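Participant: Okay, handing you the structure first.
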Amino acid sequence: MSETALDALLHETRRFPPPETLARDANAQPALYDEAAADRIAFWEKQADWLRWDRRWTTALEWDPPFAKWFVGGRLNACVNAVDRHVEAGFGDKVAYHWIGDGENETRTITYADLQRLVCQAANGLAELGVQAGDRVAIYMPMIPETVVTILACARLGAPHNVVFCGFSADALRGRILDADARVVVTTDGQFRRGSPTPVKPAVDEAVDGCPDVRSVVVVRRTGGDVAWTDGRDVWWHDLVDGQPDSHDPEAFDAEQPLFMMYTSGTTARPKGILHTTGGYLTQVAFTHRMVFDLKPDTDVYWCAADIGWITGHSYIVYGPLCNGATSVIYEGTPHPADQDRWWKLIEHYKVSILYTAPTTIRTLMKWGHELLEPYDLTSLRVLGSVGEPINPEAWMWYRTYVGGGRTPVVDTWWQTETGAIMISPLPGVTTTKPGAAMQPLPGISADVVDNDGEPVPAGGGGYLVLTEPWPSMLRGIWGDDERYRETYWSRFPDIYFAGDGAKRDEDGDLWLLGRVDDVMNVSGHRISTTEVEHALVGHPMVAEAAVVGATDATTGQAIVAFVTPRGSVAADVSSGDEFVQALRNHVAKEIGPIAKPRQILVTPELPKTRSGKIMRRLLKDIAEHRELGDVTTLLDPSVTDAIRGRMSESGSED
Ligand code: WTA
């Protein structure tokens, strides 16, 4: 299709009914909504029955707001559901993962039987280190098969895992190890980035230096070469795991056994350990994975291009697909300008039929041009998914038109670390989609858009997205902080979950997500708190004050823009010097991780403040986005904004 044809499409009333063939055989039919509406609890029980339980539950839901327990009294093992069950059913030879590494020509094919052996060995190895049910294990690893194996081994032992994205710094890792009180850390010596090895373990050494209770660090050899070694604490994976027996007797755990925690940014400087448990989480991730992607485990090849270090990787690379016996692709790399058609090659080669990625990636691939897709046969694709941030209609249309050849449904899936699984999304065989809209809550999910007083907005109105009934994969709390859990999610509107997202309900009653309404930025689909970055900046000895805003960015959705006032005595000579700005960016990378590096740092002698001394972030956002300034009458010193604007136009932005 030509660019003009795409343009024309963008200006039509855009509605895309499901393709007939897909609709006819789809896992999710329209009746699913009626069934859930008739009896929501019975509906979820039916979905839970799809798992293997060692003991069935006695009560489906105990709801003592804001604390929920699902499938009370039930017992199951998450790893058995993900792996053993399929081997026992005769699918041992089925491929669980096609793994493609970012080193030179690396691939691995792992069947369900392979996975079972590897996981049993790893579970035996961790048990030898004393890991027992309830113990927390931190995982700081790149996208390699051992990461999935470690996650599943923890699940098998009932030991909650705490995966920390490898792009986080040693400081950030330390904070997460300490908060979770993890005693064992699993990591690698290094990782490959486009064939080049980069170290990983030094960050762990630095982090663990401040964690006296960590007794073991297990190290997978990934890149080779020398690594610093602490005898008595460090152990090579191959020494610990490879010689272990390849069977392991799994124990059945309570449905509410903690399965993992995942730290995520909130509105304060301290990340929150979001806690997920076993029965409800698995029920909903497996259900949504089957329905939203219309997964046909015998024929589909499914590729979720997220990182395992985030919730999308947990739910839709590991637990959802495995519980459904899917064949998945795991690609260690990310799109790179030097290898712009890599994705299309992979899709053709592996005959990927379901692709799940983030708008930021779609926009990057779009920027490189649809001509790059032309040499490849992408006709295997039949469902395309999007997650992580609002998808703009142009990116949605490009995705459907060029990647999906104009045939495939696009499912824009809204959810969060806290919700554990997809909550609002089209169903590919049922929903007539609109580019940019997440459409309707899934069957069994109750969502609404409310105004400041918590009143539902009428069709055509906008407000806050809320979830009005508990759902199986909901977070069970913030690790070690019930009060913060209550306060963050359940106090804005009593007994209703406040998601922190703005949303619009259109004239047809369909939902459009509009982005965060709090101080959380969404940069390339990564959640980063403005407060956390400000905190890092003011931690620098030369910074007096800092304000951070998320500015709209054509590729990354939002970009971090920081306004910084230097400390008095140094202010004069360092002020806007490049060296100072570079030092500050590196400082943020060290404190949080490279993902939190501001795109732009503006050094200014003063920040705009109200008469009561509050920094006017709204105004800074206007400046960062080069907008006309709104009302500045409450400003203490309006000339401050002019000065900042002047500097803004002088300074170029950095990558
Ligand atoms: C945003 C990622 C619009 C939203 C699964 C949410 C979205 C935050 C969408 C959660 C979507 C996620 N449309 N916005 N389809 N999906 N978001 O915890 O702001 O990393 O609150 O979970 O991402 O990010 P998190």
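Participant: Suppose we filter the range 52-68 for residues that are touching a residue at least 60 places away in the same chain (Cβ under 8 Å) and over 24 Å from residue 321 (Cα atoms); how many remain?
Facilitator: Adding up the residues that qualify gives 6.
Participant: Here are the criteria: (1) in a helix (DSSP H, G or I); (2) out of contact with any strand residue (DSSP E or B) (no Cβ under 9 Å at 6 or more places or on another chain). Tell me which single one residue 44 does not satisfy.
Facilitator: Status for residue 44: all satisfied but (2).
Participant: Continuing with the same structure: Take the conditions surrounded by 18 or more Cβ atoms within 10 Å (Cβ to Cβ), touching a strand residue (DSSP E or B) at 6+ places or on another chain (Cβ under 8 Å) and at pLDDT 90 or above and apply them to residue 550. Does it pass?
Facilitator: yes
Participant: Here is a further query. Among the listed residues 417, 379, identify the single one that is within 13 Å of the ligand (Cβ to nearest atom), surrounded by fewer than 24 Cβ atoms within 10 Å (Cβ to Cβ) and modelled with pLDDT of 95 or more.
Facilitator: On the way: 379 fails: within 13 Å of the ligand (Cβ to nearest atom).
Exactly one residue qualifies, and that residue is 417.
Participant: Still on this model: When you go through 306, 269 one by one, which is the residue that is modelled with pLDDT of 95 or more, more than 19 Å from residue 135 (Cα to Cα) and part of a loop (DSSP other than H, G, I, E, B)?
Facilitator: Numbers: 269 fails: modelled with pLDDT of 95 or more.
Going through 306, 269 in turn, just one is modelled with pLDDT of 95 or more, more than 19 Å from residue 135 (Cα to Cα) and part of a loop (DSSP other than H, G, I, E, B): 306.
Participant: Shifting gears a bit: When residue 154 is evaluated against the numbered criteria (1) under 21 Å from the mean Cα position of the chain (by Cα); (2) over 23 Å from residue 275 (Cβ atoms), which criterion, by number, is the only one it fails?
Facilitator: Condition not satisfied by residue 154: (2).
Participant: In the set 62, 3, which member is at pLDDT below 95, among the acidic types (Asp, Glu) and over 26 Å from the mean Cα position of the chain (by Cα)?
Facilitator: On the way: 62 fails: at pLDDT below 95.
Being at pLDDT below 95, among the acidic types (Asp, Glu) and over 26 Å from the mean Cα position of the chain (by Cα) holds for just one of 62, 3, which is 3.
Participant: Taking interchain pairs and intrachain pairs at least six residues apart, which have beta carbon atoms under 6 angstrom, with the first residue in the range 379-391 and in the same structural domain as residue 306 (by TED's automatic domain parsing) and at negative phi and the second near the ligand (Cβ under 6 Å from one of its atoms) and of a type outside the set (Gly, Ala, Ser)?
Facilitator: These pairs meet every condition: 385/413; 386/412; 387/312; 387/413; 389/522; 390/513; 391/412.
Participant: Now a separate question. Read through the list (1) outside any strand (DSSP E or B); (2) at pLDDT 95 or above; (3) more than 9 Å from the ligand (Cβ to nearest atom), then give the number of the only condition that residue 356 fails.
Facilitator: Checking residue 356 against (1) outside any strand (DSSP E or B); (2) at pLDDT 95 or above; (3) more than 9 Å from the ligand (Cβ to nearest atom), the one that fails is (1).
Participant: Do the conditions hold for residue 459, that is, is it touching a Lys or Arg at 6+ places or on another chain (Cβ under 9 Å), modelled with pLDDT under 95 and farther than 30 Å from residue 582 by Cα? Give the derivation first.
Facilitator: Working: touching a Lys or Arg at 6+ places or on another chain (Cβ under 9 Å): yes; modelled with pLDDT under 95: yes; farther than 30 Å from residue 582 by Cα: yes.
Here the answer is yes, as residue 459 does meet what is asked.
Participant: Return yes or no: is residue 288 out of contact with any Phe, Trp or Tyr (no Cβ under 6 Å at 6 or more places or on another chain), more than 29 Å from residue 24 (Cβ to Cβ) and within 16 Å of the ligand (Cβ to nearest atom)? I'd like the intermediate steps shown before the answer.
Facilitator: Values: out of contact with any Phe, Trp or Tyr (no Cβ under 6 Å at 6 or more places or on another chain): yes; more than 29 Å from residue 24 (Cβ to Cβ): no; within 16 Å of the ligand (Cβ to nearest atom): yes.
No.
Participant: Scan the range 522-542 for residues that are more than 18 Å from residue 617 (Cα to Cα) and either away from the ligand (no atom under 14 Å from the Cβ) or assigned to a helix (DSSP H, G or I) (or both) and jot them down.
Facilitator: Passing the criteria: 539, 540, 541, 542.
Participant: Has the range 382-392 got any residue that is farther than 28 Å from residue 264 by Cα and modelled with pLDDT of 95 or more? Let's see the steps before the verdict.
Facilitator: Looking only at the range 382-392, we keep the residues that are farther than 28 Å from residue 264 by Cα, and these are 382-383.
Filter again for modelled with pLDDT of 95 or more, leaving 382-383.
Yes: one or more hits.
Participant: Also: List the number of the failed condition for residue 71; all other conditions in (1) surrounded by 18 or more Cβ atoms within 10 Å (Cβ to Cβ); (2) on the phi < 0 side of the Ramachandran plot hold.
Facilitator: Against the list (1) surrounded by 18 or more Cβ atoms within 10 Å (Cβ to Cβ); (2) on the phi < 0 side of the Ramachandran plot, residue 71 comes up short only on (2).
Participant: Quick check on the range 457-480. Is at least one of its residues in the same structural domain as residue 285 (by TED's automatic domain parsing), touching a strand residue (DSSP E or B) at 6+ places or on another chain (Cβ under 7 Å), closer than 21 Å to residue 311 by Cβ and in a helix (DSSP H, G or I)?
Facilitator: No: the range 457-480 contains no residue that is in the same structural domain as residue 285 (by TED's automatic domain parsing), touching a strand residue (DSSP E or B) at 6+ places or on another chain (Cβ under 7 Å), closer than 21 Å to residue 311 by Cβ and in a helix (DSSP H, G or I).
The values are calculated or read from the model by the stated rules, or taken from the named source; none is laboratory data. The shown structure was predicted, so the numbers you read here are calculated from the model rather than taken from an experiment. Positions of Cβ are generated from backbone atoms using ideal geometry, with glycine treated the same way; all protein chains shown enter the neighbour counts.
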